[in-house]
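Okay, so here's the structure we're looking at.
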Amino acid sequence: MTTSAAAHPVPRTDGTPAPEGKQPGSGRVVAAVIVLLTGLTMLLGYANKARCVGPEFDAAGRSGPEYSVRVNRDVCYSDIQYLWLGRDIDRHVFPYVGGSISPEGQLSGGTIEYPVLTGLIIWLGALGAETDAGFLLGSALVMAPFGLVTGWLLGRLSRWRALIWALGPPLVLYAFHNWDLPVVACAVGAVYAVHGWRTSRPLADRAVVAAVLLGLGFAFKLYPGAFVVPLALLVLTAPGRGRPLDWRGAVRVVAAAAGTAVLVNLPFAVAGYEGWRASFTFQQLRNVDFTTNSIWYWGLRPYSEPGDAAFQAEMDWISPTLVLASFAVAVAVGWWRWRREGTYPWLGVSAAMLCGFLLLHKVHSPQYTLWLLPFFVLLRVHWGWVAGYLVADLAMGIGIFRWYYAFNSGMPIDIVSGFAAQAVAIGVWGRAALLVVLFVLFLRVPPALVADRE
């Protein structure tokens, strides 16, 4: 028995609009289910973080009793609640404009250590809040729509595979750990603009829209800016082998992304350059230590102490150099695949670049897993690798805070003994090994995109 192509249209991975057609269980119904499940999972995520708020509050609005002990012991820590104090968020100071940074890296005057759009999200989440509990709730309400939109877009792009997003443990652990849902929505929105947007516009035009979204993502958390390079190469090579490269289209993509990032940042840089620049300076000054969760600390523990200035100075150039080298390798492999297959694999290259960053950057915060999660949906990675990474991440997401609790309590710390220490070891080295594997896999596997334009 044969199946008609109209009933099962073949997805196109070069960004060309796919043929019209419907498939059983596809489309808006699937996306709606994904959105519903995403909402329920985010509710669990909020409930998990809310275990650390109240029931008492001091004069500054900090939860009690024993806030600093509970957040690690009970594994309910969030950067949102923690940063209620120390960045003038509790005073509702508009970010960056009047800010600065001390030579020791201490921020003041409303400056926050994140790019400007994340600073705006933080400020909005704090409006009306008088305690860290109110700030957590306000931030969750501001960010939840971005998580729901991400679920909708992933459901439309890859249908039931989007359950990885909707039901994944990372959404419980990290949805409201930091301010990452908006940037993830921008990155996934860029993919949708290229592969899911029902329009007759050519690839170059859709890619410009995607580039704008990536520029906005850069203004949230920087990392989507790296994806502009493979997106531009997709447009450059779209005419196909043996035909003139589309240089004009590729330049438009880069210009759209860069222009968006500049337009968003420029008002803050003009209104308060010192405070705006301080957010970048803070990250540059950050040391490799036990809070960074990276291979550099755990692999070089005898040297990775804040007081070792020589080691810290070396990390300041070794880490970014290796990150850029991994980007170059990913882009080059993508070019090689284009010459062999005729399509530049921009999604796979973007995912591999992210793996290189997560592995080699001097900071690997737990919530970065939210950045990677959509690529498990969008690329046809075997379920075993996905499950393995989520297990390693779960060990890290729980173990690191129990390890902090033991460390701060003065308990003996031994990386080879004890539940918390072993969980951290599994998390750090398990994720590192899997990131190496995923770097290779992402550059080989095809997209898991469904051709559905209803």
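The values are calculated or read from the model by the stated rules, or taken from the named source; none is laboratory data. Computed from a predicted structure; not experimentally measured. FYI the Cβ positions are ideal-geometry reconstructions off the backbone, even for glycines, and counts take in every protein chain you see.
Data for the structure
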{"item": "Positions within region 89-139 being closer than 26 Å to Tyr223 by Cβ, outside any helix (DSSP H, G or I) and aliphatic (A, V, I, L, M), in sequence order", "result": "Ile89, Val97, Ile101, Leu107, Ile112"}
{"item": "Residues satisfying the stated conditions in region 343-360, i.e. surrounded by fewer than 24 Cβ atoms within 10 Å (Cβ to Cβ) and either at pLDDT below 95 or among the small types (Gly, Ala, Ser) (or both)", "result": "Thr343, Gly356"}
{"item": "Thr343 being more than 30 Å from Val71 (Cβ to Cβ) and assigned to a loop (DSSP other than H, G, I, E, B)", "result": "yes"}
{"item": "Filter pass, Leu137 being over 19 Å from the mean Cα position of the chain (by Cα), modelled with pLDDT under 95, among the aliphatic types (A, V, I, L, M) and surrounded by fewer than 23 Cβ atoms within 10 Å (Cβ to Cβ)", "result": "no"}
{"item": "Residue, farthest from the chain's Cα centre (by Cα), within region 266-300, restricted to residues that are charged (D, E, K, R) and modelled with pLDDT of 90 or more", "result": "Glu274"}
{"item": "Number of the condition not met by Met353 [criteria: (1) farther than 30 Å from Leu449 by Cα; (2) in contact with a helix residue (DSSP H, G or I) (Cβ under 7 Å, 6 or more places away or on another chain)]", "result": "(1)"}
{"item": "Lone qualifier among Gly105, Gly99, Gly125 - being of a type outside the set (Lys, Arg) and in contact with a strand residue (DSSP E or B) (Cβ under 8 Å, 6 or more places away or on another chain)", "result": "Gly99"}
{"item": "Flag if Gly61 is modelled with pLDDT under 95, touching a helix residue (DSSP H, G or I) at 6+ places or on another chain (Cβ under 9 Å) and either farther than 30 Å from Leu233 by Cα or among the polar types (S, T, N, Q) (or both)", "result": "no"}
{"item": "Per-region count, region 222-257, residues in a helix (DSSP H, G or I) and among the basic types (Lys, Arg)", "result": "2"}
{"item": "Test: Arg340 is more than 24 Å from Tyr77 (Cα to Cα), among the basic types (Lys, Arg) and modelled with pLDDT under 90", "result": "no"}
{"item": "Residues being of a type outside the set (Lys, Arg), part of a loop (DSSP other than H, G, I, E, B) and in contact (Cβ under 8 Å) with a residue 40 or more places away in the chain - total across region 54-88", "result": "7"}
{"item": "Flag for Ala129 being touching a residue at least 60 places away in the same chain (Cβ under 8 Å), buried (at least 19 other Cβ atoms within 10 Å of the Cβ) and farther than 19 Å from Met42 by Cα", "result": "yes"}
{"item": "Any hit, region 157-174, residues being touching a strand residue (DSSP E or B) at 6+ places or on another chain (Cβ under 8 Å), surrounded by fewer than 19 Cβ atoms within 10 Å (Cβ to Cβ) and over 26 Å from Val363 (Cα atoms)", "result": "no"}
{"item": "Qualifying residue in region 21-32 (condition: modelled with pLDDT of 95 or more and either polar (S, T, N, Q) or assigned to a loop (DSSP other than H, G, I, E, B) (or both))", "result": "no"}
